[in-house]
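The values are calculated or read from the model by the stated rules, or taken from the named source; none is laboratory data. None of these values were measured; they are calculated from a predicted model. Every residue, glycine as well, gets a Cβ built from its backbone with ideal geometry; the counts of neighbours run over all protein chains shown. The area values use the complete protein model at the heavy-atom level, side chains included, leaving out ligands, DNA and RNA. Shrake-Rupley method; radii C 1.70, N 1.55, O 1.52, S 1.80 Å.
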Protein chains: 2
Amino acid sequence: MKIDSVDFFYLAMPVVTTAGDGSQDALVVRVTAGGHVGWGECEAAPLPSIAAFVCPMSHGACRPVSATVLGETLSGPDDIKRMAATLALNSMDLLQAAHTWSGIEMALWDLLGHVRGEPAWKLLGYSKTHPKTPYASVLFGATPEETLLRAKEIRTKGFRAAKFGWAPYGETLEGDIAQVEAAREGLGPEGILLIDAGQIFAEDVEAAAKRLASLNANKVTWLEEPFGGHAYEAYGKLAAQSGAVKLAGGEAAHNRYMAQHLIDYGHVGYIQIDCGRIGGLWPAKQVADYAVKRGVTYVNHTFTSNLALSASLQPYAGIEASRICEYPTALSSLATELTSSRIAPNSNGEIEVPDAPGLGVKINPAALKTYAVDVEIKVKGKTIFAPPVV
Amino acid sequence: MKIDSVDFFYLAMPVVTTAGDGSQDALVVRVTAGGHVGWGECEAAPLPSIAAFVCPMSHGACRPVSATVLGETLSGPDDIKRMAATLALNSMDLLQAAHTWSGIEMALWDLLGHVRGEPAWKLLGYSKTHPKTPYASVLFGATPEETLLRAKEIRTKGFRAAKFGWAPYGETLEGDIAQVEAAREGLGPEGILLIDAGQIFAEDVEAAAKRLASLNANKVTWLEEPFGGHAYEAYGKLAAQSGAVKLAGGEAAHNRYMAQHLIDYGHVGYIQIDCGRIGGLWPAKQVADYAVKRGVTYVNHTFTSNLALSASLQPYAGIEASRICEYPTALSSLATELTSSRIAPNSNGEIEVPDAPGLGVKINPAALKTYAVDVEIKVKGKTIFAPPVV
């Protein structure tokens with residue numbers, strides 16, 4: 001079959017704030033081919049990602065993403081891999097292309113899964129899945145007291161793992177120690193505690209190292225993104241002195257090489273992949289395989305809808321040793337309403353990867369209308385982008 | 001002073017082809033502050049780069065580039081560095097931001113240079129400049145015969161160095177050998193010959209290695225971008241067996257880390273930086289300093305206007321050991337007409353970095369009108385981008 005159309009739905013909450021909440025807007029992708037439909041989601045920055053699809057060509061190595069996708073043959077997984085390889089050459093100089101392609105790639109696996117009646121994880125090569133222990137992913141409270149309450153609430157909800165992240169972490173050493181202690185206290189002594197520094201230390205190893213004692217004292221499993229995503233040397237230096245607490249990172253990887261380098265040169269213990277950025281499911285699966293070889297634990301990264309959550313689980317669905325998964329618990333109404341199906345913990349408190357065709361998640365058309373952002377892009381008097389019909 | 005405005009001029013040739021010619025369009029940036037004006041140029045993909053400046057915020061770590069620049073204080077170089085650090089956090093999840101910022105950053109140095117009456121290279125810390133031997137940068141001919149003619153023409157024009165690149169290189173081993181022999185023959189035995197593979201071997205070390213014998217036999221100085229910009233392992237493996245011919249790469253680096261990693265892990269002998277992608281002059285200067293420490297030769301990368309050419313020269317203007325520079329010789333009329341000043345070889349056939357305030361290049365306002373692409377971006381019924389007034 002031929003890829004007939006690729007549509008982008010730019011959705012947003014009525015008010016978007018500076019909070020580190022990635023579910024405040026969304027770029028949902030619908031692909032049609034041979035009468036079938038697939039859905040995916042790009043992360044993040046909807047307008048530049050749309051522009052990377054529709055923009056006029058700059059030259060042979062800077063073509064819009066559309067040039068590599070529209071009208072192409074889609075008969076099986078190899079076609080998706082072929083398109084990715086072509087895109088790497090055709091859109092070499094279009095930086096945003098990786099994010100745009102990520103949502104399309106997801107949608108292609110979803111579509112192919114519907115055609116074949118198979119879940120995406122099976123198309124990726126797994127024969128069975130293993131449930132994951134979800135960690136509730138939340139922001140730190142403004143004060144340790146707020147964080148304590150959040151941690152208690154998470155525990156009450158039945159979560160055995162939680163991640164606290166971003167500001168005010170990194171502002172003062174004393175504050176950071178108090179925040180981590182509060183999180184541990186609220187979660188209880190047995191809970192899996194994860195800390196996300198949100199790149200706040202840039203590449204200042206010394207500043208990050210000052211936090212290690214409190215992280216180890218509070219039995220933190222990983223310290224996530226202490227540094228910028230490319231600061232491999234800083235990661236490596238901190239990893240060498242981090243003790244029991246391991247480093248985690250990789251969410252910004254926009255190709256599989258970046259993730260592999262963070263493993264090889266940054267010596268992270270956990271590699272976190274966002275399928276909405278790395279180029280979709282296939283490069284993520286390649287990273288998962290690579291991580292196994294290197295003794296590193298693969299973890300999904302996701303902070304938006306259940307569509308993105310399902311996509312994020314597929315690449316490591318069949319890896320038993322990768323036991324935990326990110327599971328956003330404080331999503332915007334947009335992200336919640338986007339899908340009519342829900343991925344919820346089972347009676348054992350674990351997340352099971354959907355055993356249904358494609359990504360196994362149903363889109364709620366009403367949400368595509370409710371949260372639609374009206375965008376129009378005109379070039380030389382011609383409209384090259386307008387919101388698609390739901 | 002405060003940064004009052006940042007304007008983007010999207011320019012293009014009437015017809016844009018799939019040729020590997022980066023001068024077919026341009027994104028020119030004008031910044032005003034305190035009554036002064038500075039100019040810069042982003043590379044490449046104008047529409048996504050504009051979108052990255054004007055787009056609505058997605059969340060705190062995915063803000064438009066405008067949020068970090070407009071209204072900011074610009075009193076000296078430290079303000080430019082400060083804004084770059086803020087941008088890394090504020091636009092962490094906006095992939096295209098690096099390309100957008102690159103043109104702005106250039107314009108800020110240009111503006112600051114005009115205010116202080118000093119060239120950008122002086123503001124970057126150099127006390128004097130050293131002229132560079134330009135290499136004529138052209139595409140391979142469709143046949144070895146065409147390449148031979150191009151090489152002869154370059155020699156006749158007085159160039160002592162030339163780079164041939166892109167398709168059909170990489171298509172067949174025999175064809176590649178014939179192309180390189182033709183280039184050498186046309187350039188004469190003494191000419192500096194450079195070959196640009198345009199990432200055609202992806203990460204296939206074996207395929208690239210088959211070309212080494214002919215590259216060495218024809219005394220090629222460097223083989224540029226045999227692989228994708230992130231394939232450090234492939235670079236490292238090829239470098240280990242490349243003999244006298246060194247590897248070159250780095251043009252896609254969109255931060256200084258990527259360039260440093262290509263040096264440290266990819267073992268390139270030449271690191272090529274495009275100021276229109278890496279985040280402007282300052283990260284490029286940091287790479288130049290790093291290259292000196294590592295015994296690697298810094299080279300500019302540029303394939304557009306004389307504005308971009310001047311910017312590309314500033315970061316290594318004062319490094320005497322870096323003797324050659326890229327010098328595009330087959331620019332589009334748009335790229336040629338964009339500046340009223342020309343950077344041409346001196347009587348010695350060398351390129352001198354402009355010794356004039358800022359980037360030392362005058363913009364030709366007529367070209368901003370002649371080649372303007374009419375673009376309008378509307379969000380929620382409000383125009384957030386329209387072509388600025390020249």
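I need the shape label for region B:86-185. Rule: rounded when a/c is under 1.5, else prolate if a/b > b/c, else oblate, with a, b, c from the alpha carbon gyration tensor. Taking the square roots of the gyration eigenvalues as a ≥ b ≥ c, region B:86-185 is oblate. Of the two radii for the protein assembly as shown, the radius of gyration is 0.96 times the Kirkwood radius, both from the alpha carbons; that is the Rg over Rh value.
For region A:13-67, what class follows from the C-alpha gyration tensor (a ≥ b ≥ c being the square roots of its eigenvalues): rounded when a/c is under 1.5, otherwise prolate if a/b is larger than b/c, else oblate? Oblate, since a/c reaches 1.5 and b/c is not below a/b. By the equivalent-ellipsoid construction on the alpha carbon gyration tensor, chain A comes out with semi-axes of 34, 22, 21 Å, ordered largest to smallest.
Peptides B:58-68, A:40-50, B:207-217 ranked from most to least packed by the mean count of surrounding Cβ atoms within 10 Å: A:40-50, B:58-68, B:207-217.
When a 1.4 Å probe is rolled over the protein heavy atoms, the share of accessible surface on the protein assembly as shown that falls to carbon and sulfur comes to 53 percent.
Which of the aspartates and glutamates could be linked to A:LYS152 by a straight reach, that is with a Cα gap under 12 Å, when you skip same-chain ones fewer than 8 residues away? List returned: A:GLU185. For the peptide A:374-382, the mean number of other protein chain Cβ atoms found within 10 angstrom of a residue's Cβ is 6. In terms of Cα to Cα distance under 17 Å, which aspartates and glutamates are near enough to B:LYS293, apart from those fewer than 8 places away along the same chain? Those aspartates and glutamates meeting the cut-off are A:GLU233, B:ASP264, B:GLU320.
Taking the label point 7 Å along Cα→Cβ, A:GLU350 and its counterparts in the other copies are spaced 7.1 nm apart, in ascending order. Charges were assigned to the Cβ only: +1 to each Lys and Arg, -1 to each Asp and Glu. The resulting dipole of region B:217-272 about its Cα centre is roughly 160 debye.
Across region B:98-245 the C-alpha pair distances fall into 10 Å bins from zero in the proportions 11, 32, 25, 22, 9, 1 percent. Copy-to-copy label distances for B:GLU146, where each label lies 7 Å from Cα along Cα-to-Cβ, are 6.3 nm in order of increasing length. Equivalent ellipsoid of region B:174-316: semi-axes from √(5λ) of the C-alpha gyration tensor, largest first, are 25, 18, 13 Å.
Ordering B:SER5, B:ALA311, B:VAL15 by the projection of their Cα atoms onto the charge dipole of chain B, which places +1 on the Cβ of Lys and Arg and -1 on the Cβ of Asp and Glu, puts B:SER5 at the extreme positive end.
By the helix-only formula, in which each DSSP H run with n ≥ 4 contributes -39500 (n - 2.57) and the sum is divided by residues, chain B has a 222 nm mean residue ellipticity of -10500 deg cm²/dmol. Considering only A:GLY60, A:ILE200, A:ALA26, and ranking their Cα positions along the charge dipole of chain A that arises from unit charges at the beta-carbon of Lys, Arg, Asp and Glu, the one farthest toward the positive end is A:GLY60. Counting, for every residue in B:93-103, the Cβ atoms of other protein chains within 10 Å of its Cβ and taking the mean gives 5.
For A:GLU206, inter-copy separations between label points set 7 Å beyond Cα along the Cβ vector come to 5.0 nm, shortest first. About its Cα centre, the dipole of the protein assembly as shown is roughly 20 debye, where the only charges are +1 on Lys and Arg Cβ and -1 on Asp and Glu Cβ. Counting Lys and Arg as +1 and Asp and Glu as -1 over every other residue whose Cβ lies under 12 Å from the Cβ of A:SER58, the net charge comes to -3. Heavy atoms of the protein chains alone define the surface here; on that basis region A:256-390 has 36 Å² accessible area per residue at 1.4 Å probe size.
With a ≥ b ≥ c taken as the square roots of the eigenvalues of the C-alpha gyration tensor of region A:74-145, please select rounded if a/c is under 1.5 and otherwise prolate if a/b is larger than b/c or oblate if it is not? Taking the square roots of the gyration eigenvalues as a ≥ b ≥ c, region A:74-145 is oblate. A simple charge model with +1 on the Cβ of Lys and Arg, -1 on the Cβ of Asp and Glu and nothing else charged puts the dipole of region B:285-356 at about 240 debye relative to its Cα centre. Quick note on region A:241-390: its Rg to Rh ratio, both from C-alpha atoms and Rh being the Kirkwood radius, is 1.05. Between the alpha-carbon centres of region B:111-169 and region A:146-176 there is a gap of 55 Å.
Counted by Cβ distance under 13 Å from A:VAL296, the other residues give a net charge of +1, where Lys and Arg count +1 and Asp and Glu count -1. Restriction of the GluC sites (Glu not before Pro) in region B:182-256 to DSSP coil positions whose beta-carbon has at most 13 other beta-carbons within 10 angstrom yields B:GLU190.
Look at the stretch B:59-67: the mean tally of other chain Cβ atoms within 10 Å of its residues' Cβ atoms is 6. Counting charges near A:ARG184 (Lys, Arg +1; Asp, Glu -1) among other residues having Cβ under 12 Å from its Cβ returns a value of 0. Expressed as a fraction of 2.2 N^0.38 Å, the C-alpha radius of gyration for region B:1-160 is 1.27.
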